[in-house]
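These notes concern the structure reproduced below.
Every number here is computed from the coordinates shown, using simple stated rules; none is lab data. Please read all numbers here as calculations on a predicted model, not as lab measurements. Glycine also receives a Cβ, built like all others from the backbone with ideal geometry; neighbour counts cover every protein chain displayed.
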Amino acid sequence: MKFFRVILLTILRIKASLTPAQKTTMKANVDANKAILKTFGVNLTPEEKCKGSRLGTHSVGYGMLALKVAQEYPNIITPDFKIDDFEKSVNLFNDLEELETHLDEYIEMLVDTKMAVGMDVMMQANRLYA
């Protein structure tokens, strides 16, 4: 059984590396996205994140329905409520939701790959000290 364990420990799952050019490209792409977001994005404090109602994945329909009602019945809306601004906010939320989903897949792959490589490094390091 010990022989089998040693064989398992010697198998590396990921045999790859990033070139400096690849790392630079990946960082530049992230920086370009951050630059776009910085034109209107915010960083909420922990206190701000706890305050107020939030629109989430399960309540998007509520926001969409409210927009539809505002557009179909503008006469019931108070004059200080700007339907165009509300529509922009709803559309921006939907766009950001789509981007977040896309980024979540990227981040998950990055984190999982880093974790797998870390496991490989630890197994190999442990093997050296065994």
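Listing for the model above:
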| read-out | value |
| --- | --- |
| Mean separation of Cα contacts under 8 Å (6+ apart) over length of the chain, as relative contact order % | 51 percent |
| Most positive-pole-ward Cα, M26, G63, L128, against dipole of the chain from beta carbon charges | L128 |
| The chain: angle of helix 60-72 to the longest principal axis, Cα-based, in degrees nearest 10 | 20 degrees |
| Dipole-positive endmost among G52, F81, I36 within the chain (Cβ charges, Cα centre) | I36 |
| In Hz, Karplus ³J(HN,Hα) per residue of the stretch 50-59 (6.51, -1.76, 1.60; θ = phi - 60°; x = Gly, Pro) | 8, 8, x, 7, 10, 8, x, 3, 7, 10 |
| Degrees, to the nearest 10: 20-38 long Cα axis against longest axis of the chain | 20 degrees |
| Residue-span extension gain [N33 to T45] - 0.36 nm each, minus C-alpha spacing | 2.2 nm |
| Check: the stretch 60-106 dipole with +1 on Lys, Arg Cβ and -1 on Asp, Glu Cβ, in debye | 320 debye |
| Chymotrypsin sites (Phe, Trp or Tyr not before Pro) lying in DSSP loop within the stretch 49-130, provided at most 12 other Cβ fall within 10 Å | F81 |
| Magnitude of the charge dipole, the chain, Cβ model with Lys/Arg +1 and Asp/Glu -1, debye to 20 | 1080 debye |
| For the stretch 39-130, the fraction of alpha-carbon pairs in successive 10 Å shells from zero, as % | 12, 26, 26, 14, 11, 6, 3, 1 |
| Degrees separating the helix 83-129 axis from the principal Cα axis of the chain, which is the longest one | 10 degrees |
| Distance from the stretch 74-130 to the stretch 29-72 (C-alpha centre basis), Å | 13 Å |
| E100 paired with I14, simple spin-label distance in nm, labels 7 Å along Cα-to-beta-carbon | 2.6 nm |
| Spacing of the two label points (7 Å from each Cα toward its C-beta) at S89 and V111, in nm | 3.0 nm |
| Cleavage-rule hits, trypsin sites (Lys or Arg not before Pro), the stretch 78-130, DSSP coil, Cβ neighbours within 10 Å at most 13 | K82 |
